[in-house]
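K.L.:
This is the structure, below, for whatever I ask next.
The values are calculated or read from the model by the stated rules, or taken from the named source; none is laboratory data. Here the structure is a predicted model, which means the values were calculated and not measured. Heads up, the Cβs are rebuilt from the backbone with ideal geometry, glycines too, and the neighbour counts pull from every protein chain shown.
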C-alpha cells in the first residue's frame, strides 16, 4: 500500500511539473508597449540591415533587446546619439547622428548609471563569436521609450571604458551600426 501511495504522489508531482512547464512563456519584448529600431551596418557602398533593437519600459529604466547578426564579436560601445540621422558627412560614416545624447550638457562620457554623464551613455553591447548580439542592455537614465524618439542608436567598433580618459568618449572606434529612432 505504501508503494502505491508513493508512486501516486510521484506521478502527481511529475504531472504537475509537466503542466507548469507547458504554462511557461518565453518573454517577448514586443508583447506590450515597445519601440522597434531597425539597425543598419554603415558602409560607403550603402547600408545593410543587420537586425533590430526593441525598447521597452521597465521600473528600472528602458531595456533594449538587440537581435543583431553579422557583427564583429566582442564588446562594442553602444550609445544613444543626439540626432535621428545615420547619414555620412565629410567627417565619416554615421556622423550626422551627432554626438552622444547629452540634454543636461554635462560634456562628460561616463557609465550608464552615472547622472553626471551623457544621458545616452549605455552599457557595452556584447556580440558573440558567431556575430550575434542578443544580450539585453538597461538604460537606467532613460525612463520612457518616448524620450528615445528623435535620436539614434549607435554601435561603435571596439569597447567602451565609460570615461573620457585616456581617450575621449570611451576610447571606442568608428561608428559601425546605426538605427534611427522614430
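K.L.:
Taking the conditions exactly as written (in contact with a helix residue (DSSP H, G or I) (Cβ under 9 Å, 6 or more places away or on another chain) and either exposed (fewer than 14 other Cβ atoms within 10 Å of the Cβ) or farther than 16 Å from residue 136 by Cα (or both)), does residue 109 satisfy them or not?
P.N.:
Yes; evaluated as a whole, the condition is true for this residue.
K.L.:
Same structure, new question: Of all residues being modelled with pLDDT under 95 and over 17 Å from the mean Cα position of the chain (by Cα) in segment 23-43, which is farthest from residue 80 (Cα to Cα)? Just the residue, please.
P.N.:
Filtering first and then ranking leaves 23.
K.L.:
Any idea how many residues of segment 70-92 are part of a loop (DSSP other than H, G, I, E, B) and surrounded by 14 or more Cβ atoms within 10 Å (Cβ to Cβ)?
P.N.:
So the count comes out to 10.
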